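Just so it is clear, none of the values below were taken in a lab; they were calculated from the coordinates. All of these numbers come straight from a predicted model, not from anything done at the bench. Every residue, glycine as well, gets a Cβ built from its backbone with ideal geometry; the counts of neighbours run over all protein chains shown.
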Amino acid sequence: MNDETAKQILDKIIGQIFGFQNPLTLDQAMSKFAFDIRLPKQVYDSTTNEATWAQSANPTKFITLNNAMKRRGVDDWIVQKRPLNSLEDILGAWGETNYMATERQLESTDLYGCDNIYNCESVYKSMDCTFSKNIVWCDSIHKSEFIAASQRSQALSFCMRAEDSKESSNSFSVVWSGKVNNCFFVQDCYDLSDCMFCSHIASKRFCIANMQFEEAEYMKLREMVIRWILTN
């Protein structure tokens, strides 16, 4: 995984959701869409000084998971016994081996700038993701694919700016909602298709701001909204 691959994934997500070619660079899109997502921080391995990525930057000493595994193969992280006569001695000894592991992953491939990733593939600058693939700038995504700038959601496909939502697809800015398809800016909704700027409604189609429209009216306004999202 690298910037070029992440851009390709982002382009595919935007093309699928909006039906338009992505006009934004990777940095522009991150600033525009992922500005409030909790993402890994760049820190430095305390043993090698190499750049790495951590879920939290609060610890003072870091080591990449790969380097921690290498050390385990050398001495199993066991140090020579010495007298410990005070609490200060104990804490000092602990500090010699107490590194926060970074870039943690299990059964995952093609990652960059990630931490705490399980059973995932092709993930970029994200954390706490499981059983997902083609993920960019996400936090706590589960069983999803082609997702960007989203958090605490599951069972999504081709979504951006999803938050606390599930079982949704081809949508942008979905909050606390489920079974949403082809929608923009919906909150606390269920079973919606082709709706925009709606809240607290269920089982509707072609609604804007909780008002019912005809399909032709809706599609005309939809194109205007898409251009505003991508260019504003």
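Is at least one residue of segment 204-215 acidic (Asp, Glu) and more than 24 Å from the chain's Cα centre (by Cα)? Break it down stepwise before answering.
We begin by selecting, within segment 204-215, every residue acidic (Asp, Glu); these are 214-215.
From the residues that got through so far, the ones that are more than 24 Å from the chain's Cα centre (by Cα) too are 214-215.
Checked segment 204-215: at least one residue is acidic (Asp, Glu) and more than 24 Å from the chain's Cα centre (by Cα).
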Near pairs, Cβ below 6 angstrom, 6+ apart or cross-chain, from segment 35-62 (over 19 Å from residue 96 (Cα atoms)) to any residue that is in a loop (DSSP other than H, G, I, E, B) and of a type in the set (Asp, Glu): 52/45; 52/103; 53/103
Output the residues belonging to segment 162-190 that are in contact with a Leu (Cβ under 6 Å, 6 or more places away or on another chain) and outside any strand (DSSP E or B). 183
Would you please name the residue that is farthest from residue 164 (Cα to Cα), looking only at residues in segment 105-124 that are touching a residue at least 40 places away in the same chain (Cβ under 8 Å) and surrounded by fewer than 24 Cβ atoms within 10 Å (Cβ to Cβ)? 110
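Here's the yes/no breakdown for (1) in a helix (DSSP H, G or I); (2) of a type outside the set (A, V, I, L, M):
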site: 192; (1), (2): no, no
site: 197; (1), (2): no, yes
site: 204; (1), (2): no, yes
site: 218; (1), (2): yes, yes
site: 223; (1), (2): yes, yes
site: 227; (1), (2): yes, yes
Only one of these conditions is not met by residue 43: (1) more than 25 Å from residue 118 (Cα to Cα); (2) among the hydrophobic types (A, V, I, L, M, F, W, C); (3) surrounded by 15 or more Cβ atoms within 10 Å (Cβ to Cβ). Which number is it? (1)
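Hey, could you check segment 24-33 for residues that are part of a helix (DSSP H, G or I) and either of a type in the set (Ser, Thr, Tyr) or touching an Asp or Glu at 6+ places or on another chain (Cβ under 7 Å) (or both) and say which is surrounded by the fewest Cβ atoms within 10 Å (Cβ to Cβ)?
If we filter segment 24-33 for residues that are part of a helix (DSSP H, G or I), which is where we start, we get 26-33.
Pick out the ones that are also either of a type in the set (Ser, Thr, Tyr) or touching an Asp or Glu at 6+ places or on another chain (Cβ under 7 Å) (or both) and you get 26, 31.
Working: 26: 18, 31: 11.
Residue satisfying both the conditions and the ranking: 31.
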If I ask for residues that are aliphatic (A, V, I, L, M) and without any contact (Cβ under 8 Å) to a residue 24 or more places away in the chain, which ones from segment 63-82 would you list? 69, 74, 78, 79
Read through the list (1) within 26 Å of residue 172 (Cβ to Cβ); (2) in contact with a strand residue (DSSP E or B) (Cβ under 7 Å, 6 or more places away or on another chain); (3) among the polar types (S, T, N, Q); (4) assigned to a loop (DSSP other than H, G, I, E, B), then give the number of the only condition that residue 21 fails. (2)
So, of the residues in segment 136-194 that are of a type in the set (Ser, Thr, Tyr) and in contact (Cβ under 8 Å) with a residue 24 or more places away in the chain, which turns out to be surrounded by the most Cβ atoms within 10 Å (Cβ to Cβ)? 150
